[in-house]
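As structure tokens, the structure follows; a few thoughts come after it.
The values are calculated or read from the model by the stated rules, or taken from the named source; none is laboratory data. As the structure is a prediction and not an experimental result, all values here were calculated from the model. Here Cβ is always computed from backbone atoms with ideal geometry, including for glycine, and neighbour counts include all displayed protein chains.
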Amino acid sequence: MEKETSLLRQLRSIVIYTLIILFPLFFLPFTQEYFVTGKMYFLFFGSLLLIVISAFEFLLTRKIVWEKRPFDNAVILFFVTACISVIFSSPNKIQAILNPTFGIVPLFSFMVLYLYLSREKNKWGKNMLVYIPAIVLSLVAVLYFFNPFKHVSFPAFWEFLKNPQFTPIGSQLDTVVFLGLAAILSLSEIFNQKDKENKFRLLPISVLVLALIGSGVLLFSLMKTKDSIVFPPLNLSWYAAVETLKQPLTALFGVGVDNYASMFTRVKDIGYNSSRLWQITSFNASRSTFLHVVTEMGVFGFIAFGLLMLKLVAWGTHWKKQHGNTVLYPILYIMTIALLFPPSPTILFILFLLVGGISIQNKHAEGQEPSVFNTGSILPLYVVILAGLFVFVGFAAYFAGRSYAAEIYFHRAISGFNSANAKDVYDNMRKAIITNPYIERYRSNFAQTNLLLANNIATSATQGKEEGEKIELSEEQRQTISQAIQAAIEEAKATVTLNPQKAINWETLAAIYQNIINVAQGADSWTVSAYQRAIMLDPQNPIYRLNLGGVFFSLKNYNEAEKLFEQAVAIKPDWPNAYYNLAWAAYQKQDYQKAALSMQSTVSLLDPKKDEADFKKASEDLEEFKKMLPKEEETTEEAQEKPTQLAVPTPAQELEPKIELPKDASPEAR
């Protein structure tokens, strides 16, 4: 039996080191997002494998051995607070569990990795766990700096390799962060006082040089393409954290894991609309990992995270006397990164890797012998524990397997849009939802797919019809369109049901209704209702107000349209499109003075060179409006349509008679 347990321990060590070395490099092009999603499932299944190995070891020895480590309580507490946040605050709990950046699945995987790494007996160079992936990442960064595959013809499956920003870790910024850790560790090893006698330090010097070259290349690329990485404003991230503390429930547990976007839209101010980021409706993560923890997990989460960081600093300071700064500098580095950058799997990986590595060095610091509990004499307890382990692993593997299969189906559906096979797109999207019905982006995309199907059928019926002419459909076409529209509404409503706190979900539902106003009875009022919900959740978003104003404009309710266009102008006074729509709303009301002034504002905000087509169109409209000023007469002429960004809503062709949808298709019937 001793031989079998020894083999299991060796296998456990191999799995631990394999997970650590491959995590920064692992990716699979089978999901919509190749890198973060693949890493999450790789680490999760790896953590389950470690538990299975321990279960077999328990099966042989019937003993539970617990070795106390200094960070156990802090790590477990942090994971528990995340679970509590999901239970009490997260609207979409399944999506919160599966969030690949900061969800329960990755946090559980990192916790398991720490628990096993901190108890690892094999004395393998700990820095090698960072050096090996750092070398690979540096070489890849240097290779892609020269864009070697620019003119290479790859099959569609491998087209991602032509991306000049490709890096196995997922993003160039995360690669720089990881290479920064490798540089610090290599420097610490080079100047380590204990290694003064070892004058040949080729490996750490090589790693340092490669890490610096790789980081320099990536930083240069990031500066060239600075718009490729967008962070939420720091002030709004701070406001979101403070706003979380104003309500008792959110103060304790946060707004919930995977729900940062709902808080961001609440705290946006008019100043945000003046920034270059204004068209980004919301962000899914805070500017700082510390602030993100406060916002999503509340005071409990911040305390747990803070205790973990403070304990790291305390141990780093304590061991500085014996090991120099080999421990303290990496700790200060990861704390700085967590303070300055949003949470990412790379940041969490480095954090838990440091915690586990320091625990190995400090394994005898607490002076406690391992606690051993022998269940050999208590057969029922032995059976219950053993069965519980295998049941947990089986359930977790099944749950993760289904969610990963859903990601694969969804990726196939999205990829299918590039082909002409609409049936494959529809079927794969449907399979993704059946396999995992709790992911909002699945339901949102499927809603749009069904709407596209209905539009295609209606479009085919309009061929040969004059503009404005009413369309009559066959009974079969009407039935197919009706089913597709109902499916689109059902999926969009499901998105809202999964998380009614996100404005973008209500906007998706509103857009579905808006597209069927001329096809389905009651869609106009449902559109208005859904947009109003979106505006309530994102009150500083001028796009929602412009879109809702466009709905009223197309319904010839120019008074309401004018009010909403004015609101859009008020919260985004440098937006030409808002003034343009306001001008036309005033024109339709025969308020030619206001129409001309608004159109003049449109012209003054446009760049004659960059916005040449828009500038020309707005200028022509302005001249037409000025002609009406002295006459005070109504005109029925409309501006000629041009391929520009400026546009007023125009009514589409109508079906006759309109399709009747059930009452539960309204946004209130949930």
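The table below lists the values:
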read-out	value
Complete set of residues in region 518-559 that are within 25 Å of the chain's Cα centre (by Cα), surrounded by fewer than 20 Cβ atoms within 10 Å (Cβ to Cβ) and not in a helix (DSSP H, G or I)	P539, Q540
Residue check for Q479: at pLDDT below 95 and either farther than 30 Å from E296 by Cα or charged (D, E, K, R) (or both)	yes
Residues within region 612-622 that are closer than 18 Å to L582 by Cβ and either surrounded by 17 or more Cβ atoms within 10 Å (Cβ to Cβ) or acidic (D, E) (or both), tallied	7
Any hit, region 195-205, residues being part of a loop (DSSP other than H, G, I, E, B), of a type in the set (S, T, N, Q) and touching a residue at least 40 places away in the same chain (Cβ under 8 Å)	no
Residue selected from region 107-150 under the condition among the basic types (K, R) and in contact (Cβ under 8 Å) with a residue 12 or more places away in the chain, by the criterion nearest to S54 (Cα to Cα)	R119
First in region 587-598 and assigned to a helix (DSSP H, G or I), second anywhere and among the small types (G, A, S), Cβ under 7 Å, 6 or more apart	Y587/A595; K594/A586; A595/A583; A595/A586; S598/A583; S598/A586
Counted residues, region 624-638 - those being under 15 Å from S598 (Cα atoms) and either in contact with a helix residue (DSSP H, G or I) (Cβ under 8 Å, 6 or more places away or on another chain) or at pLDDT 90 or above (or both)	4
So T167, is it modelled with pLDDT of 95 or more, in contact with a helix residue (DSSP H, G or I) (Cβ under 9 Å, 6 or more places away or on another chain), on the phi < 0 side of the Ramachandran plot and not hydrophobic (A, V, I, L, M, F, W, C)	no
The listed residue being surrounded by 22 or more Cβ atoms within 10 Å (Cβ to Cβ), at pLDDT 85 or above, among the aliphatic types (A, V, I, L, M) and under 32 Å from the mean Cα position of the chain (by Cα), out of L354, L339, L348, L332	L354
Counted residues, region 521-563 - those being of a type in the set (D, E), more than 25 Å from R478 (Cα to Cα) and without any contact (Cβ under 8 Å) to a residue 40 or more places away in the chain	2
Sole residue being assigned to a helix (DSSP H, G or I), surrounded by fewer than 17 Cβ atoms within 10 Å (Cβ to Cβ) and at pLDDT 95 or above, chosen from V294, V242	V242
Region 222-249: number of residues that are over 21 Å from the mean Cα position of the chain (by Cα) and either among the β-branched types (V, I, T) or on the phi > 0 side of the Ramachandran plot (or both)	1
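Okay, residues lined up against (1) among the aromatic types (F, W, Y); (2) at pLDDT below 90:
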site: F26; (1), (2): yes, no
site: F35; (1), (2): yes, no
site: F45; (1), (2): yes, no
site: V65; (1), (2): no, yes
site: S89; (1), (2): no, no
